[in-house]
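The structure appears right after this line, and notes come after that.
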Amino acid sequence: MEPVHVAIVYYSATGTVHALAQAAAEGAEKAGAHVRLRKVAELAPPQAINANPAWAQHLQDAADVAEVGHDDLEWADAVLFGTPTRFGNPASQLRAFIDTTGPLWFQGKLADKVYSAFTASNTAHGGQESTLLALGNTFYHWGGIIVPPGYTDPVQFQSGNPYGTSHVAGDGPLSEVALQAARYQARRVVETAAALKAGRDA
Ligand SMILES: Cc1cc2nc3c(=O)[nH]c(=O)nc-3n(C[C@H](O)[C@H](O)[C@H](O)COP(=O)(O)O)c2cc1C
């Protein structure tokens, strides 16, 4: 069977979600998938970015990551979306990309794929679940198959978010538990997509 195609599509201002996206890519690759790691375009004005040295630095550090296009979504059997929390919602940069996908949606090209999401926030009750659930609204409209991590692996009892991998950036750098949770979430996505693919090919 052709390996599962996984696109990991993310926005990150200061690097936290980027690191989660990289861990998800590792997890998906280890599970046997072909992976495309893709960022969405930065839309904030330079004066906003340059007012925050960590933001300006990450923009430079991630210069080599390819920007997502519609072809990446078409290619993918499964898509993991990553975004920081912005007032309890996904970042507008990720939303702006999602809002260009009407033509794909209209042709049914976003349906029947596996979708899952991960996030970061500054505080523990700062809106991780609301951000992930808000992304879920879009997956419903696309006719996607939503695959959350739940509590289906021991790491989930440590990381503690059944909706999707998440990290509290205000607590400091990413822990090994959060990175493992991202790898695990991606593996679960690959395994589910592979089972669907095998069933459809049968
Ligand atoms: C405009 C704005 C809104 C934010 N809103 C929230 C929020 O509602 N809750 C929260 O805990 N953190 C909030 N944050 C903090 C970010 O979520 C946090 O910096 C981010 O998760 C770090 O991820 P990154 O390094 O990938 O950019 C906000 C940050 C910005 C710039």
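The values are calculated or read from the model by the stated rules, or taken from the named source; none is laboratory data. From a predicted model like this one, the values you see are computed outputs, not experimental measurements. All Cβ positions, even for glycine, are placed from backbone atoms using ideal geometry, and neighbour counts span all protein chains on display.
List of remarks:
- Taken as a whole, the stretch 117-140 holds no residue that is more than 16 Å from the ligand (Cβ to nearest atom) and in contact with an Asp or Glu (Cβ under 9 Å, 6 or more places away or on another chain).
- If you go through the stretch 169-194 and pick out every residue that is touching an Asp or Glu at 6+ places or on another chain (Cβ under 9 Å) and either among the hydroxyl-bearing types (Ser, Thr, Tyr) or modelled with pLDDT under 95 (or both), you end up with 1.
- Criterion applied to 62, 66, 28 was being closer than 23 Å to residue 128 by Cβ and away from the ligand (no atom under 16 Å from the Cβ), and the one residue passing it is 28.
- Given (1) outside any loop (DSSP other than H, G, I, E, B); (2) surrounded by 15 or more Cβ atoms within 10 Å (Cβ to Cβ); (3) free of Cβ contacts under 8 Å to residues at least 60 places away in the same chain; (4) in contact with a helix residue (DSSP H, G or I) (Cβ under 8 Å, 6 or more places away or on another chain), index of the condition residue 81 fails: (3)
Every residue, every condition in (1) more than 18 Å from the chain's Cα centre (by Cα); (2) within 16 Å of the ligand (Cβ to nearest atom); (3) farther than 18 Å from residue 132 by Cβ; (4) surrounded by fewer than 18 Cβ atoms within 10 Å (Cβ to Cβ), yes or no:
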residue	(1), (2), (3), (4)
5	no, no, yes, no
12	no, yes, no, no
43	yes, yes, yes, yes
47	yes, yes, yes, yes
54	yes, yes, yes, yes
58	no, yes, yes, no
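- Subset of the stretch 85-130 [assigned to a helix (DSSP H, G or I) and closer than 30 Å to residue 200 by Cα]: 97, 98, 102, 103, 104, 105, 106
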